[in-house]
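For reference, the structure discussed in these notes is given below.
The values are calculated or read from the model by the stated rules, or taken from the named source; none is laboratory data. It should be emphasised that the depicted structure is a prediction, and the values quoted were computed from it without experimental measurement. Here the Cβ positions follow ideal geometry from the backbone for every residue, glycine too, while neighbour counts run over all protein chains shown. For accessibility, only protein heavy atoms count, side chains too; no ligands or nucleic acids. Shrake-Rupley method; radii C 1.70, N 1.55, O 1.52, S 1.80 Å.
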Amino acid sequence: MKKMFLIVLTIGVAGVTSAQSTPVTYHDGGQQLDGLLARSGNSGQEGVLILPAWMGIDEESKTAAEELAKSGYIAFVADIYGTGKTPKSASEAGKIAGEFKQDYQLYQRRIRVALDQLVKQGANPQKIAVIGYCFGGTGALEAARGGLPIVGAVSIHGGLSKGMRPNGPIATKVLVLHGAADASVSQSDIEALHQELDESKVDWQMIYYADSKHTFTNPASKDYNEIAARRSWKHLLLFLREVLNGE
């Protein structure tokens, strides 16, 4: 059952085109970063930056990039940690990801250099959205909070808290895809995000998925929920078509 969702996605677009991800080396100052680029003959100039979960670039982020390329986007998976710094365990990932959450300006900068790389690969700088899974979902919100040049931010079962920072302006549209049974996100964090987005007067939406725990979209997770994963992917594509394609 865990493989079914990926198969469904492939069948849905295989008749249109195919896509493979290729490694791309780029830099943040002296730090080498190793991202993945996916595009196809069907790709236009609309770009999607993908921020992976706390273990770094994984099959979920790679598959998402390839499927988005089939749907007509230039997709780039960012390397947040850097060459040789990929965590080897969940405890190590929690520590490293926590450091980036604390040093949110570094996190925002790593996202910005990935956006720059996406533009270098041919994306229209006026038509880029950021999506992220888990730790990357936090990053998608940080891209919005940091005023990065994007037209949409999508947090997929991401951490929602920004700590004790005061609320600031947010200009981009925001979509939050959230498991209703996600025990890692407190109700107070949800309410704080709602207040933050309301104060910014931005166009935002939060969708809950029943019986869905933290990593409900990841087929490799014990908490994978096929129905919710399929629905959330459709909601993601609908949002991207709106903000990037004007549909």
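The set of residues in the range 66-90 being open to solvent by 30 Å² or more (accessible area, probe 1.4 Å) and basic (Lys, Arg) consists of Lys85, Lys88. Filtering the range 96-122 down to residues that are in a helix (DSSP H, G or I) and among the small types (Gly, Ala, Ser), which residue is surrounded by the most Cβ atoms within 10 Å (Cβ to Cβ)? Taking the candidates together, the pick is Ala114. Only one of the numbered conditions (1) in contact with a strand residue (DSSP E or B) (Cβ under 8 Å, 6 or more places away or on another chain); (2) closer than 20 Å to Leu244 by Cα is violated by Pro52, and that is (2).
Within the option set Lys201, Lys173, being open to solvent by 70 Å² or more (accessible area, probe 1.4 Å), more than 16 Å from Asp103 (Cα to Cα) and among the basic types (Lys, Arg) holds for one residue only, Lys201.
With respect to being within 19 Å of Ile170 (Cα to Cα) and either in contact (Cβ under 8 Å) with a residue 60 or more places away in the chain or in contact with a helix residue (DSSP H, G or I) (Cβ under 9 Å, 6 or more places away or on another chain) (or both), Leu118 falls outside the description. Within the range 208-226, being in contact (Cβ under 8 Å) with a residue 12 or more places away in the chain and loosely packed, with under 15 Cβ neighbours inside 10 Å holds for Tyr208, Ala210, Asp211, Ala220. Screening Gly152, Gly163, Gly159 for residues that are open to solvent by 30 Å² or more (accessible area, probe 1.4 Å) and not hydroxyl-bearing (Ser, Thr, Tyr) leaves exactly one candidate, Gly163.
On the stretch given as the range 27-57, residues that are in contact with a helix residue (DSSP H, G or I) (Cβ under 6 Å, 6 or more places away or on another chain) and surrounded by fewer than 20 Cβ atoms within 10 Å (Cβ to Cβ) total 1. With respect to the conditions (1) more than 16 Å from Val119 (Cα to Cα); (2) open to solvent by 70 Å² or more (accessible area, probe 1.4 Å), Ala93 falls short on a single one, namely (2).
Open to solvent by less than 50 Å² (accessible area, probe 1.4 Å) and over 29 Å from Asn124 (Cα atoms): is that true of Asp182 in this structure? Yes; evaluated as a whole, the condition is true for this residue. Assessment of the range 50-69 against the conditions (part of a loop (DSSP other than H, G, I, E, B), more than 16 Å from Leu160 (Cα to Cα) and of a type in the set (S, T, N, Q)) yields no matching residue.
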